[in-house]
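The values are calculated or read from the model by the stated rules, or taken from the named source; none is laboratory data. Bear in mind the structure is a predicted one, so any value in this text is a computation, not a measurement. As a convention, Cβ positions derive from the backbone with ideal geometry for all residues, glycine included, and neighbour counts pool all protein chains shown. To get the accessible areas, we keep the full protein, side chains included, count just its heavy atoms, and leave off ligands, DNA and RNA. Shrake-Rupley method; radii C 1.70, N 1.55, O 1.52, S 1.80 Å.
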Amino acid sequence: MKAKLNKTVYFIGFMGAGKTTVARRLAKACSCECIDVDFYIQRMHDKTIPEIFEEFGEKGFRNFETEALEEIANANKPRFVSCGGGVITRDENAAIMKKDGIVIHLYSDAKNGARRISNKDSRPLFKNVRQAQKLFLERLPKYRKACDYEIITTRKNSGRVYHEVLDLLEDEGIIEIIEK
Ligand SMILES: Nc1ncnc2c1ncn2[C@@H]1O[C@H](COP(=O)(O)OP(=O)(O)OP(=O)(O)O)[C@@H](O)[C@H]1O
Ligand SMILES: O=C(O)C1=C[C@@H](O)[C@@H](O)[C@H](O)C1
Ligand SMILES: [Mg+2]
């Protein structure tokens, strides 16, 4: 399949929602760039996320995250961006994404995320399922406020989520299908 993307699409959602997986597959179909904000931050600072949390704390990490988002949004070219799970903790991040493109919330709670994520050590804020579920419930209104669209991913495989997002983007004129 070949498609053309007209506007940058930001994926938000809790850890393990499938943001990176879906963004990569869509970028391949549209022959455009796919940016993972977590990878971008790690490359910018040449440190892993746990190292950044240890050295600069969560506040330091959040500052890097806003800086990275600003850079990504300023590039002003259509692409897919998968965000870190906590991007909605700052209202200014939501404003940066909305100004540049459209925001899709991939809904997955922490219990669902826990079944999908194998390496929880690389995620300092996913210590155990009970704590993570509490964090998810605190964040849910923020994900919903920050997004333009929401796709439920619970009990759906990544292929199904991909097709639902693709249909949505086509219906909204954000993607044009060139070849089926
Ligand atoms: N809908 C799905 N059903 C089952 N497994 C999935 C689904 N989507 C992604 N996965 C798998 O779950 C794991 C996490 O997916 P992914 O890295 O895309 O999530 P993420 O939202 O980017 O997470 P994080 O916020 O931690 O970066 C991967 O192993 C991926 O293959
Ligand atoms: O949910 C969160 O707050 C985070 C999710 C990850 O993607 C990373 O951005 C980091 O571990 C913080
Ligand atoms: Mg990811």
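Spelling out what I want: for every residue of the stretch 26-35, take phi, set θ = phi - 60°, compute 6.51 cos²θ - 1.76 cosθ + 1.60 (Karplus), and round to whole Hz; glycine and proline get x.
5, 4, 5, 5, 9, 6, 10, 6, 10, 10
Could you identify which residue out of GLY16, GLY84, GLY159 has the top mean-square fluctuation in a GNM of the chain using Cα springs shorter than 10 Å?
Result: GLY159 has the largest fluctuation of those listed.
Can you spot the lysines whose alpha carbon is less than 17 Å from LYS59's alpha carbon? Ignore those fewer than 8 places along the same chain.
Of all the lysines, those that pass the test against LYS59 - Cα under 17 Å, at least 8 places apart if same chain - are LYS47.
In nm, give the distance between the simple-model label positions of SER31 and PHE56, each being 7 Å from the Cα along the Cα-to-Cβ direction.
3.6 nm
Name the most mobile residue of VAL37, VAL161, VAL129, meaning the one with the largest mean-square fluctuation, in a Gaussian network model of the chain with Cα contacts below 10 Å.
VAL129
At 1.4 Å probe radius, can you tell me the per residue accessible area of the chain in Å²? Numbers along the way, then the final one.
Values: 9390 Å² over 180 residues.
So the chain comes to 52 Å² accessible per residue, rounded to a whole number.
For the stretch 54-165, what does the alpha-carbon gyration tensor say about shape, rounded, prolate or oblate, given a ≥ b ≥ c as the root eigenvalues, a/c under 1.5 as rounded, and a/b over b/c as prolate?
Note, shape of the stretch 54-165 comes out oblate.
If you fit an axis through the alpha-carbon atoms of helix 129-146 and take the longest principal axis of the Cα set of the chain, what angle between them do you get, 0 to 90°, nearest 10?
For helix 129-146, the angle is close to 50 degrees.
Taking the Cα atoms only, what angle lies between the long axis of helix 91-100 and the longest principal axis of the chain, rounded to 10 degrees?
Between the helix axis and the principal axis of the chain, the angle is about 20 degrees.
Grab the DSSP H runs of the chain that are 4 residues or longer, score each as -39,500 (n - 2.57), total them, divide by all residues and round the 222 nm result to the nearest 500 deg cm²/dmol.
That calculation yields -17000 deg cm²/dmol at 222 nm.
Taking 0.36 nm per residue of sequence separation and subtracting the Cα-Cα distance, how much length would be gained by fully extending the chain between ASP121 and LYS7, in nm to one decimal? Let's see the in-between values first.
Values: separation 114, 0.36 × 114 = 41.04 nm, distance 3.40 nm.
The span from ASP121 to LYS7 would gain 37.6 nm if fully extended.
Report, in listed order, any pair from LYS4/LYS99; LYS77/LYS120; LYS98/LYS134; LYS2/LYS127 with a Cα-Cα distance greater than 31 Å. Write out the running numbers ahead of the final one.
Values: LYS4/LYS99 20 Å; LYS77/LYS120 33 Å; LYS98/LYS134 26 Å; LYS2/LYS127 40 Å.
The pairs that break the limit, which is 31 Å between Cα atoms, are LYS77/LYS120; LYS2/LYS127.
Tell me, what % of the accessible area of the stretch 125-178 is carbon and sulfur with a 1.4 angstrom probe?
Of the solvent-accessible surface of the stretch 125-178, carbon and sulfur hold 50 percent.
If I compute solvent accessible area with a 1.4 Å probe over the protein chains, what percent of it on the stretch 11-61 is carbon and sulfur?
48 percent
Percent relative contact order of the stretch 28-180, based on C-alpha pairs within less than 8 angstrom and at least six residues apart?
The normalised contact order for the stretch 28-180 reaches 23 percent.
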